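K.L.:
Sharing a structure below in C-alpha cells format, with a few things to ask.
The values are calculated or read from the model by the stated rules, or taken from the named source; none is laboratory data. On a predicted model such as this, the values are computed, not experimentally measured, just so you know. Reconstructed Cβ throughout: ideal geometry from the backbone, glycine too, with neighbour counts over all protein chains shown. Surface accessibility is based on the protein's heavy atoms, side chains included, excluding ligands, DNA and RNA. Shrake-Rupley method; radii C 1.70, N 1.55, O 1.52, S 1.80 Å.
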Amino acid sequence: MSKFRFSVLSENLAARQPFRAEHGFCLLMESDSRIIMFDTGGSDLFSHNAKALNIELYGVDDIIISHGHYDHTSGLSAVLREARHACVHIHEMAFERKMSASTGTMRYIGLPDNTRQALAELDKDERLDVMAGHIQQLDFTFKLFSTGGREELPPDWKFYLDVGDHNAIPDRFEDEISLLIEGDEQCCLISGCSHCGIDAIYSKAKEYTEKPIAYVIGGSHLDKASDEEIARVADFFAQENTELYLGHCTGIYGFARLYGRLGDQMKAIYAGTQLQFDL
C-alpha cells in the first residue's frame, strides 16, 4: 500500500499554538510520486502554518484550485513565490465574476486581482492548466473531476454570477473540481467547499474508480444547511464505509448536527492537522 500524508495549512479553526486560523482552506498532499497543494487559503497564512510544521513548499508539483472564491485562491501569488515550478489546475468557469448575497446586498467574492494576475503570468509560462471538461487525469493515481454543477438549488441560495448590465444569474458551481486519489487498494476524496453537495461529489467520484473511497477530506458547506439536507447527507454516508474529515464551511453547527447522526465516522480538521493514510 502507498502512503499519503495530508497537512491542513489553512482552516477556519486552528488546532493549537503556533498555528493560526482564517476563513479559508488549503491542504497539502505529499506522496512518493507527487506533492499537491489543494487550494491556497484566504491569504498567505498557509506559509506560517507550513513553517510551523517544518514543511518546505519549494517541491510542490501541482496547485489545484477547487473553485473561484477568494477564500480558496487568495494565497496563490504567495505560494508561487515558493513553489516556483508548480503547475496550476483550474476550471475555466472559475474566472467568472462570482457574487454573494449572504449579507443582504450583492458583493464580489471571486478571484482577487493579484490571483488573476498570477494566473495570467502562469499562462505565459505555460504552467496554467485550464480544465474545460468533467474529468482530467494527472497520472494513474490522481484524478480531477467535476460533477458538472449543482442541479437543484435551495430556496435560500446566495451565490450568483455577475453577467453584466446589473444582471446576475444563480451560480451552479460548474467550476467546482475535486481530487480523487486512487491508491493500491482504496481511495481518498478531497473537496474544497462541496457547493454541489458532498454526497453528489462522492457519488460522482465512485463512477471513476472500482476501489472503495475510504476517506473524504475538505469542506461540506453544511453549516447553514436545512435539517432535511443534513438528514439526507447523514443517511447517505451512514451507508458508506467512509471516514469524513470535515472542516471549513462545514462549520461547528453543521459538524455537530452531522456528528449527532454519524458519530465517530466524523472527524474534525483544523489548521495544523496532519493525517497519514495507507491507500
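K.L.:
Of all residues in the range 255-275, how many are basic (K, R) and open to solvent by less than 60 Å² (accessible area, probe 1.4 Å)?
P.N.:
At the first step, the residues of the range 255-275 found to be basic (K, R) are 257, 261, 267.
Narrowing further to those that are open to solvent by less than 60 Å² (accessible area, probe 1.4 Å): 257.
So the count comes out to 1.
K.L.:
Another question about this same structure. (1) of a type in the set (D, E, K, R); (2) open to solvent by 40 Å² or more (accessible area, probe 1.4 Å); (3) touching a residue at least 60 places away in the same chain (Cβ under 8 Å): which one isn't true of E229, the others all being true?
P.N.:
Every condition holds for E229 apart from (2).
K.L.:
Return only the number of the condition from (1) of a type outside the set (G, A, S); (2) touching a helix residue (DSSP H, G or I) at 6+ places or on another chain (Cβ under 6 Å); (3) open to solvent by less than 10 Å² (accessible area, probe 1.4 Å) that I36 does not satisfy.
P.N.:
Here I36 clears every test but (2).
K.L.:
Also, I was wondering about something else. Counting residues that are within 16 Å of the chain's Cα centre (by Cα) and at pLDDT below 95, which helices (runs of 4 or more DSSP H) fully inside the range 1-88 reach at least 2?
P.N.:
Numbers: elements: 45-52, 70-73, 76-82.
Once the helices (runs of 4 or more DSSP H) in the range 1-88 are filtered for at least 2 residues that are within 16 Å of the chain's Cα centre (by Cα) and at pLDDT below 95, nothing remains.
K.L.:
Can you name the residue in the range 189-220 that is assigned to a loop (DSSP other than H, G, I, E, B) and of a type in the set (A, V, I, L, M, F, W, C) and is also nearest to T40 (Cα to Cα) among such residues? Write out each step before concluding.
P.N.:
First pass over the range 189-220, keeping only residues assigned to a loop (DSSP other than H, G, I, E, B): 192-197, 207-212, 220.
Narrowing further to those that are of a type in the set (A, V, I, L, M, F, W, C): 193, 196.
Details: C193: 13, C196: 20 Å.
The selected residue is C193.
K.L.:
Among F173, F140, which is the only one that is at pLDDT 95 or above and either closer than 17 Å to K206 by Cα or in contact with a strand residue (DSSP E or B) (Cβ under 8 Å, 6 or more places away or on another chain) (or both)? Step through it out loud before you land on a result.
P.N.:
Working: F140 fails: at pLDDT 95 or above.
The unique qualifying residue is F173.
K.L.:
To continue, here is another question. Being touching a strand residue (DSSP E or B) at 6+ places or on another chain (Cβ under 9 Å), closer than 20 Å to S33 by Cβ and either open to solvent by 10 Å² or more (accessible area, probe 1.4 Å) or among the polar types (S, T, N, Q) (or both), is that true of even one residue in the range 75-87? Don't jump to the end; show me each part of the working.
P.N.:
Let us first name the residues in the range 75-87 that are touching a strand residue (DSSP E or B) at 6+ places or on another chain (Cβ under 9 Å), namely 75-76, 79-80, 83, 86-87.
Adding the requirement that they be closer than 20 Å to S33 by Cβ leaves 83, 86-87.
Keeping just the survivors that are either open to solvent by 10 Å² or more (accessible area, probe 1.4 Å) or among the polar types (S, T, N, Q) (or both) gives 87.
The answer is yes; a qualifying residue exists.
K.L.:
Out of everything in the range 120-134 that is without any contact (Cβ under 8 Å) to a residue 40 or more places away in the chain and open to solvent by less than 50 Å² (accessible area, probe 1.4 Å), what residue ends up being nearest to the chain's Cα centre (by Cα)? Talk me through it step by step, then tell me what you get.
P.N.:
Initially, the range 120-134 is screened for residues without any contact (Cβ under 8 Å) to a residue 40 or more places away in the chain, giving 120-121, 123-126, 133-134.
Then keep just the ones that are open to solvent by less than 50 Å² (accessible area, probe 1.4 Å); that gives 120, 133.
On the way: A120: 22, G133: 18 Å.
Selected residue: G133.
K.L.:
Go through the range 107-164 and report how many residues are more than 24 Å from C87 (Cα to Cα), among the acidic types (D, E) and part of a loop (DSSP other than H, G, I, E, B).
P.N.:
Counting residues in the range 107-164 that are more than 24 Å from C87 (Cα to Cα), among the acidic types (D, E) and part of a loop (DSSP other than H, G, I, E, B) gives 3.
K.L.:
OK, next. Can you find a residue in the range 236-249 that is in contact with a Phe, Trp or Tyr (Cβ under 8 Å, 6 or more places away or on another chain) and of a type in the set (D, E)?
P.N.:
Scanning the range 236-249, I find at least one residue that is in contact with a Phe, Trp or Tyr (Cβ under 8 Å, 6 or more places away or on another chain) and of a type in the set (D, E), so the answer is yes.
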